[in-house]
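Down below is the structure, laid out as structure tokens.
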Amino acid sequence: MATLKARVSPSQQEKPSAQGTPESTWQSWGRLDALPEVHPSDLVPPGARAVVVAPHPDAEVLGMGGLLAQLSETSRHLLIVAVTDGTASHPNSTEWTPERLAAVRPMETREALQRLHLRNVQVARLGLQDGSAQDMEPGLSGYLASHLRPDDIVFATWRHDGHPDHEAVGRAAFSAATALGLPFVEVPLCTWDWASPDDTRVPWSRARKIVLDGETLARKLRAVQAFRSQLEPDPATGQAAVLPEHVLARLTRPYEVVLI
């Protein structure tokens, strides 16, 4: 995942913590717990394929790893479109160079998907430039336009998620899905960092939660641990982990939230 410091709004600047909105604050908000539930089979009916468009390696697991596991258990076919190889996650690092990241991060994704016990899954790696949102949209739009099928349900990061790459991927996926008349589901990731309960910038009326049983959540937690490059501090730069504990706490709840 790329660093979660993209969106800077007045409300963010006033936050007392540089770590964003604490998970404890989210959990104390009654509306989050009361979000309407949606069942995986309602999102992806029998015979349909789930197409998940991930801007960086790990986005598909952090955002909807539990949903992917549940869909696989019900024999749904899955296509994960890996837009970039996440080579910009460690800027200026001599330990995690772009070349090393390009080799390691796809391997981490493969291991994570295995830990989710996914079946009937294909991964298409586009290799677009990480951190270059303005160049992502045309390349991704072209790919999706030629590879989406009439029975697809398209999932992507929210178009206003707060990270340029996430938003570019969301826009491209939305445009492609809309042009073909396909259902489109958005997944907030960075949103949990910069937003706050009752934040009017977030379309809460569209939010639904997918409840994860204990076994599915355990699979997701194991899958997240496959992304070692993102979970450990960088000894070359002294930078903290890209995915520290306070970020993981917001993304590994016993449910996942989507916007439909």
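Each value in this text was obtained by applying a stated rule to the coordinates, not by laboratory testing. Source: prediction; values computed, not measured. With ideal geometry, Cβ positions are generated from the backbone for all residues, glycine too; neighbour counts draw on all protein chains shown.
For segment 134-184, just list the percent of Cα-Cα distances falling in each 5 Å bin from zero outward, please.
For segment 134-184, the binned pair fractions read 4, 25, 33, 23, 12, 3, 0 percent.
What are the residues whose amide H is under 5 Å from the amide H of residue 155, where those residues sit 5 or more places off or on another chain and H is modelled from the backbone?
51, 52, 53, 185
Run lengths n ≥ 4 of DSSP H only: what is the helix-derived mean residue ellipticity at 222 nm for the chain, with -39500 (n - 2.57) per run over all residues, to the nearest 500?
Numbers: 12 runs with 107 residues, N = 260.
Counting only the DSSP helices, I get -11500 deg cm²/dmol.
If each residue's Cβ is checked for other Cβ atoms within 10 Å, how do 58, 199, 130, 234 rank with the fewest at the top? Each step should come with its number before you reach the end.
Details: 58 28, 199 13, 130 23, 234 19.
Exposure proxy ranking, most exposed first: 199, 234, 130, 58.
I'd like the Karplus ³J(HN,Hα) series for segment 193-209: coefficients 6.51, -1.76, 1.60, θ = phi - 60°, whole numbers in Hz, and an x wherever there's a Gly or Pro.
7, 8, 7, 9, x, 6, 4, 6, 6, 9, x, 4, 5, 8, 6, 9, 10
Can you give me the Rg/Rh ratio for segment 29-154, using Cα atoms for both radii and the Kirkwood formula for Rh?
Numbers: Rg = 16.1 Å, Rh = 15.9 Å.
Rg/Rh: 1.01.
Just to be sure I understand, if you calculate Rg and Dmax of the Cα atoms in Å for this structure, which of (i) 17.5, 54; (ii) 17.2, 49; (iii) 19.0, 69 do you get?
Only one option fits the structure, namely (ii).
With a point put 7 Å past each Cα toward its Cβ, work out how far residue 34 is from residue 146 in nm, to one decimal.
Taking the simple label geometry, residue 34 and residue 146 are separated by 5.0 nm.
Semi-axes of segment 175-260's equivalent ellipsoid from the Cα gyration tensor, sqrt of 5 times each eigenvalue, largest first, rounded to whole Å? All intermediate terms of the calculation are to be shown ahead of the outcome.
On the way: eigenvalues 151, 60, 48 Å².
Largest first, segment 175-260 gives 27, 17, 15 Å.
Using Cα springs under 10 Å in a Gaussian network model of the chain, which residue among 72, 141, 24 shows the largest mean-square fluctuation?
Answer for the Gaussian network model of the chain: 24.
At a 10 Å Cβ-Cβ cut-off, how would you order 220, 209, fewest neighbours first?
Details: 220 27, 209 18.
The fewest-first ordering by Cβ neighbours comes to 209, 220.
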